[in-house]
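Scroll down for the structure; my scribbles are underneath it.
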Amino acid sequence: GVIILANMRKMQSITKMWYDYLSEGKLMGLKCEHCGQMEFPPVPVCNKCGKHDMEWTPISGKARLDSYCWAPDGAAPYWREPVMIGQFELEEGCHLQTFVLGVTKKDEPYLYENCPLDCTAEIVKVSEEYNLHYPAFRINDKETKDE
């Protein structure tokens, strides 16, 4: 984990810009000026047409949770407690694996019965020391099974 954080200073400019946008509370992706493909997280080359002309564009934060798995030991080095990891399809058509917020093991029957589920992105601070932020998603209108 420390090696990854130490390498942040050596990041390619696109990756650094993405993390900077997240720390400012902005969800930004790169959109291909040729075919309109959105890349989030951003990459310098369009995965659809291979062109390099990419433009920073806001991401809506709307997504669908397609699948999930439980990480009982967390996600080192940032998440020390149990956490759910989900596969999300963003409204813009790109895919991202990241954290599902506001769920516990008790919610798994609900998720199993109702997936895919609409979700909304939140930017979470995952490292206080490095002021590092990352996108995560919360399920819209989740029925809480805790009570």
Residue in region 124-131 that is over 15 Å from residue 62 (Cα atoms), outside any loop (DSSP other than H, G, I, E, B), touching a Phe, Trp or Tyr at 6+ places or on another chain (Cβ under 9 Å) and among the charged types (D, E, K, R) present:
yes
Quick count over region 52-99, residues being open to solvent by less than 70 Å² (accessible area, probe 1.4 Å) and either of a type in the set (Gly, Ala, Ser) or touching a Cys at 6+ places or on another chain (Cβ under 8 Å) (or both), is 16
Yes/no for residue 98 being in contact with a Pro (Cβ under 7 Å, 6 or more places away or on another chain) and in a strand (DSSP E or B):
yes
Picking from 10, 51, 105, the residue that is touching a His at 6+ places or on another chain (Cβ under 6 Å), modelled with pLDDT under 95 and not hydrophobic (A, V, I, L, M, F, W, C) would be 51
Given the condition modelled with pLDDT of 90 or more, hydrophobic (A, V, I, L, M, F, W, C) and out of contact with any strand residue (DSSP E or B) (no Cβ under 9 Å at 6 or more places or on another chain), answer yes or no: does some residue in region 17-38 qualify?
yes
Of all residues in region 100-117 being loosely packed, with under 14 Cβ neighbours inside 10 Å and among the charged types (D, E, K, R), the one that is farthest from residue 76 (Cα to Cα)
113
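The values are calculated or read from the model by the stated rules, or taken from the named source; none is laboratory data. Since we're looking at a predicted model, the values are computed, not measured. A quick note on method: Cβ atoms are made from the backbone with ideal geometry, for glycine too, and the neighbour counts reach across all protein chains shown. We work out accessible area using only protein heavy atoms, side chains counted, and drop any ligands, DNA or RNA first. Shrake-Rupley method; radii C 1.70, N 1.55, O 1.52, S 1.80 Å.
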